[in-house]
Number of protein chains: 2
Amino acid sequence: MTNTDRSPDTPDIQRSAPVAGGRPTKQRLAVANVLDSFDDFRSAQEIHALLGTKGENVGLATVYRTLQLLADAGEVDVLRTEEGEAAYRRCSDTHHHHLVCRTCGATVEVEGPAVERWTKSIAAEHGYRDISHTLEIFGTCASCS
Amino acid sequence: MTNTDRSPDTPDIQRSAPVAGGRPTKQRLAVANVLDSFDDFRSAQEIHALLGTKGENVGLATVYRTLQLLADAGEVDVLRTEEGEAAYRRCSDTHHHHLVCRTCGATVEVEGPAVERWTKSIAAEHGYRDISHTLEIFGTCASCS
DNA sequence: AAACAGATTGAGAACCGTTGTCAAACCGAG
DNA sequence: CTCGGTTTGACAACGGTTCTCAATCTGTTT
């Protein structure tokens, strides 16, 4: 076994962290990749559809599995919509919230340093650690009124 | 099924708020009643089962419908567990949020006047009307750390 | 390079909570 | 009591998510 020839055939990879504790398969990379194409929360099915339009055909079950994997690894954030669906997005340092029109779906990203501080202090006050929170604002936008 | 408008109005009979905008039927009273027997959040199915053990047999669909009615009327609080199920409980008139332990489920009610104000101003600032919002704080409580 | 053992995938079935269907039961009014 | 709209309940339908399992792919060993 003295033959450890690392042929220079570096496909592509080198993306942002493959998939924690798993194999960087084509499908997983595709999912990890598509997660970079949007900033807001998308449902697993939307992500699956998105992959479809990009030519990357990945089974729905695989999308779910990969998303859970990423979520467990803390690489993506998960939240439940009011209808109970899970929505995912790449976990970013810039934490922000969404103001969503319940009629047309128009979304505005908003930041609320005050809210961040408030939730942290409230949680600490009650001895809770490892805090996370979800805050979504729903309303009817100007053009839908 | 087509019209759930508030009935003309009931002259006198109407003590402890029956079920907003509907008939105070046996089933609805049973659901409203069982809601007083616990303080934490219970799923619709648990509530249905609870009714069963009390001899009050109410159809599952009716339990769901009644719960939604009560929720719309603001008489009960609804929240989505992390698994996506809806959980209900009788609620206080005051609008508040929850600090939930993601391990044991212990819940603390918190109020945030500042947050209420913030969401309203943000929404108004962007021309959104008829605002509502959801805010849940998740963490690990002291005893689960 | 060929073979292996185990991880991964995908199509569809299975699950589960929730909502819709619709005839029968029910309620309050007249 | 009768009438018309409301409500109910058994069950089908739904939509999202998970499970099943044979076929496929991967990294490693031979």
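Could you compute how much accessible surface A:Asp77 exposes when probed at 1.4 Å, giving the result in Å² to the nearest 10?
Rounded to the nearest 10, that gives 50 Å².
Counting only other chains, and only Cβ atoms inside 10 Å, what mean value do you get across the residues of B:138-144?
Details: counts 8, 13, 6, 5, 4, 1, 3.
The mean count of partner-chain Cβ atoms within 10 Å per residue comes to 6.
For B:Ser43, which sequence-distant residues (separation of 5 or more, or a different chain) have an amide H within less than 5 Å of its own amide H, given hydrogens modelled in the peptide plane?
Counting only residues 5 or more places away or on other chains, the set is B:Tyr88.
Using a 10 Å cut-off on Cβ to Cβ distances, tally the other chain neighbours for every residue of A:76-83 and report the average as a whole number.
Mean shielding by partner chains, rounded to a whole number: 3.
Can you find, among A:Ala123, A:Val78, A:Thr107, the residue farthest towards the positive end of the dipole of the stretch A:33-134? Put +1 on the C-beta of Lys and Arg, -1 on that of Asp and Glu.
Farthest along the dipole direction, towards plus: A:Val78.
Just how much of B:Thr103 is accessible, in Å², when a 1.4 Å probe is used and the result is rounded to the nearest 10?
B:Thr103 exposes around 90 Å² with every protein chain in place.
Could you pull out every one of the lysines with an alpha carbon less than 21 Å from that of A:Lys26, ignoring same-chain neighbours closer than 8 positions?
A:Lys26 reaches A:Lys54.
What accessible surface, in Å², does a 1.4 Å probe find on A:Ser132, ignoring ligands, DNA and RNA and rounding to the nearest 10?
Rounded to the nearest 10, that gives 50 Å².
Using Cα-Cα distances under 8 Å and only pairs 6 or more residues apart, what relative contact order does the stretch B:40-133 have, in percent? It would help to have the intermediate numbers written out before the result.
On the way: 80 pairs, mean separation 17.5, N = 94.
Rounded, it is 19 percent for the stretch B:40-133.
The values are calculated or read from the model by the stated rules, or taken from the named source; none is laboratory data. Quantities reported herein were computed from a predicted structural model and do not represent experimental measurements. All Cβ positions, even for glycine, are placed from backbone atoms using ideal geometry, and neighbour counts span all protein chains on display. Just the protein is used for accessible areas: all its heavy atoms, side chains included, with ligands, DNA and RNA removed. Shrake-Rupley method; radii C 1.70, N 1.55, O 1.52, S 1.80 Å.
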